[in-house]
Amino acid sequence: MNAAATPARRQLHPPPVPASPFPYHPGSLLSASDLSLDEISQILTRSTALENQDPLTRDRILAKRRVALLFYESSTRTRTSFELAAKGLGADTTLVSSLSSSIEKGESLKDTGLTLRALGAEAIILRHNSSGAPWLLEAETRLPVLNAGDGMHEHPTQALLDLRTILAHLRPGVETVTTETLTGVTITIVGDILHSRVARSNMLLLPRLGARVLLCGPKELLPELAAQTGPRIIIERNFEAALRQSQAVMMLRIQAERLAGLQLDLEEYKANYQLTGQRLATQAPAAIVMHPGPIIRGLEVTAGVADGPQSVILEQVKNGVAIRMAVVERALAGDAQGGRA
Amino acid sequence: MSALVIRGGHLIDPAAGVDGLKDLLLKAGHVAEIASPGKLKQTNGANGMDAAVLDATGLTVAPGLIDMHVHLREPGQGYKETIATGTAAAAAGGFTGVAAMPNTRPVNDSPEITRWMQSADRGAAIRVFPIAAATRGSKGEAINDFAALKSAGAVAVSDDGLPILKDGIMRETLAAAARVGLSVIQHAEDTRMTQGASMNAGPTAFRLGLRGWPNEAESSIVERDIRLVQELRDARAHLHVAHTSTAAALSAVRQARRNGLRVTCEVAPHHFLLTDEHVGLYNTNAKMCPPLRSAADRDAMIEAILDGVVDAIATDHAPHAVHEKEVEFENAPNGITGLETALGLSLRWLHKEWKLPLGRVLSLLSAQPAALLNLKGRGTLTVGSFADVVVFDPKAEWTYRARDTRSKSRNTPFDGWTMQGKVRWTISEGCVVYESA
């Protein structure tokens, strides 16, 4: 690296980087870093309240409001839970997916977004294979946009539901978070960090509450510069060493669809990074085991661990609905239209 | 024949070593006379002629600017830019000559297209100097007939937009170009390292979830090319590195020059001003090839300009239609416009902020690129040279508005930026081709 070959002779004062105009809409959730700790606390509090509310009164909250789900990638958990969340609040939802719409005919994201807005959509939930797509959609439509996963970039509602899951086990009863809520807690994220939007959102969220985040994986899937993403993010390539320090361990799927020609020796990967019952019992017998799904049993986790007593994987799924109810409610709050008072 | 007098201005002609108050008489497309204020002989006395007069009091008069790296998109992509609109934007930016890259549709790899681009039918406001493709279709496989391209008007060869990747082909290109006295302009990008990349590799790309473009993709090609020039040193091969963006590539150029090789380079304003952090949240108007780099690389560009290692400022003006840039970052085409902002940014930053003398800034934008492309009678205003002149107010500050552009496209990261130095007149071969209020 010769970048420092020409030492600066003076202070250069180059042009500054302009401030970001995003988000344009206060109801948008584009990045986990957009939320203040107060907003995170509100979302957590509302999740619990909405989860506990009688479904027959809950469905009046967003009665007949229109929410569009725009999905450019396949999804089971995220799509279904956003849909259940919006419907649970009484909203009308419509699903547009890239394989059964004019997107197949070449319609742009901008035009698709403007069309949904013209059809009355008041918020758009977007899953897209291209990093940054939600920012484009928000800039063009100025609607509240909820990022349901963009390429290799972010998946903020996943980070929020992961936080809710972690709090339930490590800080039961806590819904108001501060910079010290997770002080003393170490969470290890294991595997394909490079291609993981779940990892990025969690790396932006959990350290702000005081947690230490260990990243664990091979060089091909975890570049050194990942540690520069923020404070309290540390690379620990030795899985056993990482497990020994962890109260929560988050396993990731190898994203075969994003490997872009990268060749991986899966047997070697499993030998080093698979979470087995043996590893878990010896190194982290008290840690919770998380996974954003979809799980590839027998690759990153064994079936025994996925189904075992330390696994909170299905709790994460359940928390997803509660978090997304709060996030959809927030998107449409203070923006009442139509016949709603 | 019409004549034009530019009266009362401060002439800066770095190539001729002139820096003072002068009147100029332009006649028949050439500089006819230069004299102290009020002393022009040919306009005095009985044989005085009928000449239009431009009052340049308080203004700087300089050789018209030369941009050695632009994409005018014709033939083939007139919806992005035409030779007429691109050169109108150039004239507004103070340019009187632009060298047009060959990555048109079809690629300019023939004397026919080279001539077509220079035809008066294109409606160019200023001179267009085609750079012809080095290889057939810019595919990097078979080199073109450089002698024929040169006689059709090509001023250099390049496969810009793509590198000349194969060692043997690049070597052959350098040797063949040297035989006919043309420079080889290399787009230094090892495309084997940049598959799927959409911005500079580094922490910002990681954070944004975008695939990164390593510095080595540029520097390894520059280093390889310099080795070839070294091997061909008896043939006096000339390598010019286009849009240099990395400190490592600059180091290689600096070292090659110390070794006496004919290796030159250009830097674009965006690479000496911006970093990969200016991508912000997926601003497609900050996406170009090579990408915006780290702060260390950007600082190295500034230092190399101040040190004199950089031979020219070139814009890499690359217009794209609005709908092409209003897409997902990864899907957006590379490139930004630059003809209207190069002078204003160079004066605001290189001159005002970093104290590069005005004459040196102007030399990087005129005399030096003219010399690199061997444009006789351009880039200077001595008697007998072409009457290519820019007259500007060096102190005036103004705000650039992309919506007011003369280009067909407005894909610039400099919308709303403060510029210094307002062009009053641009004169191409004696004709006023741009005039501001």
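The values are calculated or read from the model by the stated rules, or taken from the named source; none is laboratory data. As the structure is a prediction and not an experimental result, all values here were calculated from the model. With ideal geometry, Cβ positions are generated from the backbone for all residues, glycine too; neighbour counts draw on all protein chains shown.
Results, tabulated for the structure shown:
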{"item": "Boolean, B:GLY379 is in contact with a strand residue (DSSP E or B) (Cβ under 8 Å, 6 or more places away or on another chain), in a loop (DSSP other than H, G, I, E, B) and without any contact (Cβ under 8 Å) to a residue 24 or more places away in the chain", "result": "no"}
{"item": "Pairs, first surrounded by fewer than 22 Cβ atoms within 10 Å (Cβ to Cβ) in the range A:120-142, second acidic (Asp, Glu) and modelled with pLDDT under 95, C-beta under 8 Å, six or more apart", "result": "A:ASN129/A:GLU73"}
{"item": "Top-ranked residue in the range A:1-17 [being at the interface with chain B (Cβ under 7 Å from one of its Cβ atoms) and out of contact with any Ser or Thr (no Cβ under 9 Å at 6 or more places or on another chain); ranked as modelled with the highest pLDDT]", "result": "A:PRO15"}
{"item": "When residues of the range A:202-240 are limited to those that are more than 10 Å from every other protein chain (Cβ to nearest Cβ) and small (Gly, Ala, Ser), the one farthest from A:ASP34 (Cα to Cα)", "result": "A:GLY217"}
{"item": "B:THR191 vs. criteria polar (S, T, N, Q), under 27 Å from B:THR341 (Cα atoms) and within 14 Å of chain A (Cβ to nearest Cβ)", "result": "no"}
{"item": "Meets criteria (at pLDDT 95 or above, surrounded by 15 or more Cβ atoms within 10 Å (Cβ to Cβ), touching an Asp or Glu at 6+ places or on another chain (Cβ under 6 Å) and away from every other protein chain (no Cβ under 14 Å)) for A:ARG58", "result": "no"}
{"item": "When residues of the range B:244-282 are limited to those that are of a type in the set (S, T, N, Q) and more than 9 Å from chain A (Cβ to nearest Cβ), the one nearest to B:ILE66 (Cα to Cα)", "result": "B:THR264"}
{"item": "The range B:194-233, subset away from chain A (no Cβ under 11 Å) and assigned to a loop (DSSP other than H, G, I, E, B), residue surrounded by the fewest Cβ atoms within 10 Å (Cβ to Cβ)", "result": "B:LEU232"}
{"item": "Options A:GLU83, A:GLU104; residue that is acidic (Asp, Glu) and surrounded by 16 or more Cβ atoms within 10 Å (Cβ to Cβ)", "result": "A:GLU83"}
{"item": "Considering residues of the range B:304-323 that are closer than 22 Å to B:TRP417 by Cβ and part of a helix (DSSP H, G or I) only, the residue nearest to the other protein chains (Cβ to nearest Cβ)", "result": "B:LEU306"}
{"item": "Restricting the range B:12-38 to residues that are out of contact with any helix residue (DSSP H, G or I) (no Cβ under 8 Å at 6 or more places or on another chain) and outside any strand (DSSP E or B), the residue that is surrounded by the fewest Cβ atoms within 10 Å (Cβ to Cβ)", "result": "B:GLY17"}
{"item": "Residue match in the range B:301-309 (condition: within 30 Å of A:HIS153 (Cα to Cα) and of a type in the set (Gly, Ala, Ser))", "result": "no"}
{"item": "Any hit, the range B:87-94, residues being touching a helix residue (DSSP H, G or I) at 6+ places or on another chain (Cβ under 7 Å), part of a loop (DSSP other than H, G, I, E, B) and in contact (Cβ under 8 Å) with a residue 40 or more places away in the chain", "result": "yes"}
{"item": "Hits in the range B:42-96 (condition: at pLDDT below 95 and small (Gly, Ala, Ser))", "result": "B:GLY45, B:ALA46, B:GLY48, B:ALA51, B:ALA52"}
